[in-house]
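Q: Let me give you the structure first, and then I'll get to my questions.
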Amino acid sequence: MKNPIAEAQEQVKEVLLGAIGRCVASGTLPAEPIPAFSVETPADPKNGDFATNAAMVSARAFRMAPRKIAEAIKDELVLDGTYFERVEVAGPGFINFFLGREWYSAVLRTIDESGERYGRTDFGGGKKVLVEFVSANPTGPMHIGNARGGAIGDSLASALDWAGYDVKREFYVNDAGNQINKFGMSLDLRYLQLYKDGIEMPEDAYKGEDIIAHAKAFAEIYGDRYVDADEKERRAALVAYALPLNIEGLKRDLLKYRISYDNWFRESTLHENGEVDKIVSLLKEKGCTYESEGALWFKATDYGADQDFVLVRSNGVPTYVVPDIAYHYNKLVTRGFDKAIDVLGADHHGYVPRLKAALTALGVDAGRLDVVLMQMVRLVRGGEVIKASKRSGKAITLVTLLDEVPIDAARFFFNLREANSHFDFDLDLAVEESAQNPVYYVQYAHARICSIGRMLKQEGITPCKTADCDFSLLCAEEEKALVRFLARLPQEIIDAAKDYDPAKLTRYAVELATMFHKFYNACRVKCGEEKMMNARYALCMAVKQTLFNVLSLLKITAPDAM
């Protein structure tokens, strides 16, 4: 798909290289290799739409003052057939390019022609990317941190898809290991409490209401059949009953949150098919392990980690990190993804170097694994932080949050900040219908444009098609600034994908809404001149389409009325 900014930048590079070539041919500049130069968008439009430092970086190679080089290049520039109308040399030797009216027209026609695909590019070249996010333990409901991870991970996956990557979403189900043993123990004790006195819950047990509900439901089906059974058998039966219900609950809650995964990968399969044991064997074969006090250790410090760590305990049981290594080996080697991206809590900071060290030892390029570390989120109501204890079972879950806050607001708010920043979620603001609420503000801009169309229709006015509009009439700075900003969407999506930062897109949406309201207040759409009205209405439709596309990418609704 077209990227108006990228196309213009390429034209700048082409005309620059052509001008330099003519300067060399005429002897104005020496025949020396041209150093790498940049073409950027100046912060102040007065300095052009694009500026290049080509003259300054060439000063040493050409043995000439940058300003003189810039003037020589400017004299040989040919702008015919390009989007540019003029060029200026500024400061020590910047060459500033100013776009002509044809580019502004091209942007609006591109948006009209592309429709719901405007913003998509082939930047990623179809590389296979697996984004794993949320991956909450299936031992209980999802908490507020999972809600943030879900919004960030899902929106990041969408941005990568729009940027031209072949993206899959995955949920890693931790259905093996210590947390499942603790889950079984907690269910077991709650079940026994129904039939025996004096059964106490240890400090590290799961104490949520969901555990009690599962134990009661199990008892309604099986009664006291398992009370005198072997503890191992009883716990296995309780887990076999409750775990599938929890996993289905996770799927149901995430679908409500508009998250659908391509794959739910179970940790237990890595144990069952031998991939966990295979990782230990491979590391042994490569000479990357040693034994100490009966345990098997990985020489992690040889591969960039700050300390070695245990792979297999002295009792022969692998540590939690071994299935995680096997899982990522499965992603990158067995299934052959070009890139694996994990969205994890900030408490995994020390875990990532361990994982990368193991992959390196296994002969896998650890650069193919990227981890987005996500900081905690605090819920705020009435200016006060809401405190909750997950252990006591009083944590605010994803479901309880969505019962109070619209899904649109939740997904938008959780993407307002970069993942690595702490975030206070203002519950009062999330439900407020005012310009102070950013998602309401953006949605109102979309609805406002829809109302313009309805108003014109009621008055029997039918604007002409975008292809037939005369966009040379859009000369006001508010109009031109709006078009320039609309043209940025494809690059904004690429940047969000490259930086793993979908917050760039919520910020873009808010700024676009702001610029639209500014334009709308300065330039009357229904004016006395029909051609001007048509051009401004087409500009409104381009804003509407762009807002719709950004909100769709974030899986947020774009209402026609509010």
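The values are calculated or read from the model by the stated rules, or taken from the named source; none is laboratory data. Fair warning: this is a prediction, and the values are worked out from it, not measured in the lab. In this analysis, Cβ positions are derived from the backbone assuming ideal geometry, glycine residues included, and neighbour counts consider all displayed protein chains. Surface areas here come from the heavy atoms of the whole protein model, side chains and all, with no ligands, DNA or RNA. Shrake-Rupley method; radii C 1.70, N 1.55, O 1.52, S 1.80 Å.
Q: For a quick check of your reading of the filter: which trypsin sites (Lys or Arg not before Pro) in the range 34-121 sit in a DSSP loop and have no more than 15 other Cβ atoms within 10 Å? Intermediate results must be reported in sequence, preceding the final value.
A: Numbers: sites: 46, 60, 63, 67, 68, 74, 86, 101, 109, 117, 120; in loops: 63, 120.
Hits after loop and neighbour filter: 63.
Q: Determine the shape class of the range 180-235: with a ≥ b ≥ c the square roots of the Cα gyration tensor eigenvalues, call it rounded for a/c under 1.5, and otherwise prolate if a/b is greater than b/c, oblate otherwise.
A: rounded
Q: What trypsin sites (Lys or Arg not before Pro) in the range 478-562 are in a loop by DSSP, with at most 16 other Cβ atoms within 10 Å of the Cβ?
A: 524, 526
Q: Then there is this: Between residue 384 and residue 348, take the C-beta separation as r, use R0 = 35 Å, and let me know the FRET efficiency to the nearest 0.05.
A: 0.75
Q: Pull out a ≥ b ≥ c, the square roots of the eigenvalues of the alpha-carbon gyration tensor of the chain, then state rounded if a/c is under 1.5, prolate if not and a/b is larger than b/c, and oblate in the remaining case.
A: Oblate is the answer for the chain, as a/c is 1.5 or above yet b/c matches or exceeds a/b.
Q: I've got another one for you. Once the piece of chain linking residue 272 and residue 102 is laid out straight, how much longer is it, given 0.36 nm per residue of separation minus the C-alpha distance between them?
A: Between residue 272 and residue 102, full extension yields an extra 54.9 nm.
Q: Further, regarding this structure: Give me D for the range 77-179 in µm² s⁻¹, whole number, from Stokes-Einstein with Rh from the Kirkwood sum over alpha-carbon pairs, 25 °C and 0.890 mPa s. All intermediate terms of the calculation are to be shown ahead of the outcome.
A: On the way: Rh = 18.2 Å.
Calculated translational D: 135 µm²/s.
Q: Here's another thing I want to ask about it. Take each uninterrupted DSSP H stretch in the chain, measure its Cα extent along the helix axis, and return the ones at 24 Å or beyond whose mean Kyte-Doolittle hydropathy is at least -1.0.
A: In the chain, the long hydrophobic H runs are 4-26, 144-162, 231-256, 438-458, 503-522, 530-553.
Q: I'd like the per residue volume of the convex hull spanned by the Cα atoms of the range 448-495, given in cubic angstrom. Let's see the in-between values first.
A: Numbers: hull volume 5.8 nm³, N = 48.
Enclosed volume per residue, from the Cα hull, is 120 Å³.
Q: Then there is this: Over the range 260-397, how many pairs of lysines fall under 14 Å by alpha carbon, counting only those 8 or more apart in sequence or from different chains?
A: Working: 278/286; 284/299; 286/299; 299/356; 331/339; 331/356; 339/356.
Count of close lysine pairs: 7.
Q: Then there's this: Rounded to the nearest 500, what is the 222 nm mean residue ellipticity of the chain from helices alone, with -39500 (n - 2.57) per DSSP H run of 4+ residues and division by all residues?
A: It lands at -15500 deg cm²/dmol.
Q: How would you order 201-209, 91-99 from highest to lowest mean count of nearby Cβ atoms within 10 Å? It would help to have the intermediate numbers written out before the result.
A: Details: 201-209: 14.7, 91-99: 20.6.
So the order, starting with the most tightly packed, is 91-99, 201-209.
Q: Extending each Cα 7 Å along its Cβ direction at residue 200 and residue 116, get the distance between those two points in nm, one decimal.
A: 6.1
Q: Report the GluC sites (Glu not before Pro) located in the range 267-319 that are in a DSSP loop and have at most 12 other Cβ atoms inside 10 Å of their Cβ, or state none.
A: When the GluC sites (Glu not before Pro) of the range 267-319 are filtered for loop state and at most 12 Cβ neighbours within 10 Å, 293 remain.
Q: Quote the relative contact order of the range 244-325 in percent (integer), defining contacts as alpha-carbon pairs under 8 Å separated by 6+ residues. Could you put the intermediate results ahead of the total?
A: Details: 67 pairs, mean separation 16.5, N = 82.
Relative contact order comes out at 20 percent.
Q: Would you work out the relative contact order for the chain, in percent, from Cα pairs under 8 angstrom that are 6 or more residues apart?
A: Details: 881 pairs, mean separation 89.1, N = 562.
Reported as a whole number, the value is 16 percent.
Q: Along the Cα-to-Cβ line of residue 24, 7 Å from the Cα, sits a label point; which residues in the range 67-81 have backbone N less than 15 Å from it?
A: 73
Q: Would you mind computing, in nm to one decimal, how far apart the modelled labels at residue 436 and residue 521 are, each placed 7 Å from Cα along Cα→Cβ?
A: Once both label points are built, they end up 1.8 nm from each other.
Q: Next up: Name the lysines eligible as straight-distance cross-link partners of residue 251: C-alpha to C-alpha under 20 Å, and not fewer than 8 places from it in the same chain.
A: Counting by Cα, and skipping residues close in sequence, residue 251 has these lysines nearby: 168, 555.
Q: Follow-up. Which length gain, in nm to one decimal place, applies between residue 450 and residue 295 when the Cα-Cα distance is subtracted from 0.36 nm times their residue separation?
A: 49.1 nm
Q: Taking a probe of 1.4 Å, how large is the accessible area per residue of the range 273-352, in Å²?
A: In whole numbers, the range 273-352 has 48 Å² accessible per residue.
Q: Name the lysines eligible as straight-distance cross-link partners of residue 74: C-alpha to C-alpha under 29 Å, and not fewer than 8 places from it in the same chain.
A: Straight-distance partners of residue 74: 2, 13, 46, 480.
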